1. Give the residues of segment 183-211 that are at pLDDT 95 or above and open to solvent by 80 Å² or more (accessible area, probe 1.4 Å), sorted by residue number.
2. Is it fair to say ILE222 is open to solvent by 40 Å² or more (accessible area, probe 1.4 Å) and farther than 30 Å from GLN56 by Cα?
3. Just the residues that are open to solvent by 50 Å² or more (accessible area, probe 1.4 Å) and of a type outside the set (Gly, Ala, Ser), please, taken from segment 98-117.
4. Can you name every residue in segment 76-97 that is out of contact with any Lys or Arg (no Cβ under 8 Å at 6 or more places or on another chain), polar (S, T, N, Q) and surrounded by 14 or more Cβ atoms within 10 Å (Cβ to Cβ)?
5. Identify all residues within segment 102-148 that are within 24 Å of LEU159 (Cα to Cα) and of a type in the set (Lys, Arg); write none if there are none.
6. Among the numbered conditions (1) surrounded by 14 or more Cβ atoms within 10 Å (Cβ to Cβ); (2) in a strand (DSSP E or B), tell me where HIS149 comes up short.
7. In segment 55-65, what residues are surrounded by fewer than 18 Cβ atoms within 10 Å (Cβ to Cβ) and either closer than 16 Å to SER90 by Cα or touching a residue at least 60 places away in the same chain (Cβ under 8 Å) (or both)?
8. Could you check, for segment 75-93, whether at least one of its residues is of a type outside the set (A, V, I, L, M), under 16 Å from the mean Cα position of the chain (by Cα) and farther than 17 Å from LEU39 by Cβ?
Amino acid sequence: MKTFLRFAMAIVLLFTLSGNAFASQPIDPKGYVTKFTSLKESYSIGERVKLTVNTQTGGELTNVVFKVASVGGDSINNAITSVQTTYRKSNATYTTTGNLTLSSEGVYFVQFQAKLKLKDGEITIKETATIEILNPNKITMTVTPGSVHVKKGTEVPILINYSSKYTPKFTYNTKVTELSTTRTSNGNKKVILFSADQAGEYMLTIEAKNKYDAVSDTVKIIVE
């Protein structure tokens, strides 16, 4: 999903650059600096996303709006509430805040848009952030290695990285030894051992299941 997220961000950047290239009013790069702050890469369904955009400028900021679109491109009307803009004269910075709560998982583009009056005229400024909304009830799991080639009797360590709001139960289609389960910064990791005394091709299926979700993965093990 992270690879897809990086691709989505590249698409946003491409459209942003294209829009600036064809703008009728040239943008003075010294006229303003605007950016999202304190925004996480991902949130859970139903979690409040606190949006904050700082715009430092010597001009006047007006017509401030937030817009939201999904990967499919559909706008999500009235998704952002409590939009407010304040100005701090000491550092010539406008701060715009708003709240966003989404009920469906996916990748979303949040765009800040405003009119900026400078000495040379008025321009439209835009800044886009990309966030991922996740379903906290789902299990995410990756298994390493995906395939391995070993001698008879060799113990094969297999690493399972997973995250789940509710502790899943693990089952296997063949005998394994569970060594340990530890927490990590991104979830949990479990280590199991597989060994076979007979040569052949083994397909080890690992399933993780909780009351809301079930996922599985398969390791191909060739034993000589």
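The values are calculated or read from the model by the stated rules, or taken from the named source; none is laboratory data. Quick caveat, the model's predicted, so the values are computed rather than measured. Counting neighbours? That spans all protein chains shown, and the Cβs are built from the backbone with ideal geometry, glycine included. Accessible surface areas use protein heavy atoms only, side chains included; no ligands, DNA or RNA. Shrake-Rupley method; radii C 1.70, N 1.55, O 1.52, S 1.80 Å.
1. Scanning segment 183-211 gives LYS189, GLU201, MET203, LYS209.
2. Details: open to solvent by 40 Å² or more (accessible area, probe 1.4 Å): yes; farther than 30 Å from GLN56 by Cα: yes.
Yes; evaluated as a whole, the condition is true for this residue.
3. As a first pass, look at segment 98-117 and keep what is open to solvent by 50 Å² or more (accessible area, probe 1.4 Å): 101, 103-105, 115, 117.
The answer is THR101, GLU105, LYS115, LYS117.
4. If the condition is that a residue be out of contact with any Lys or Arg (no Cβ under 8 Å at 6 or more places or on another chain), polar (S, T, N, Q) and surrounded by 14 or more Cβ atoms within 10 Å (Cβ to Cβ), then THR85, THR93, THR96 are the ones that fit.
5. LYS138
6. For HIS149, the exception is condition (1).
7. GLN56, GLY58, GLU60
8. Going through segment 75-93, the residues of a type outside the set (A, V, I, L, M) turn out to be 75, 77-78, 81-82, 84-91, 93.
The next check asks that each one be under 16 Å from the mean Cα position of the chain (by Cα); those that pass are none.
No, every residue in segment 75-93 fails to be of a type outside the set (A, V, I, L, M), under 16 Å from the mean Cα position of the chain (by Cα) and farther than 17 Å from LEU39 by Cβ.
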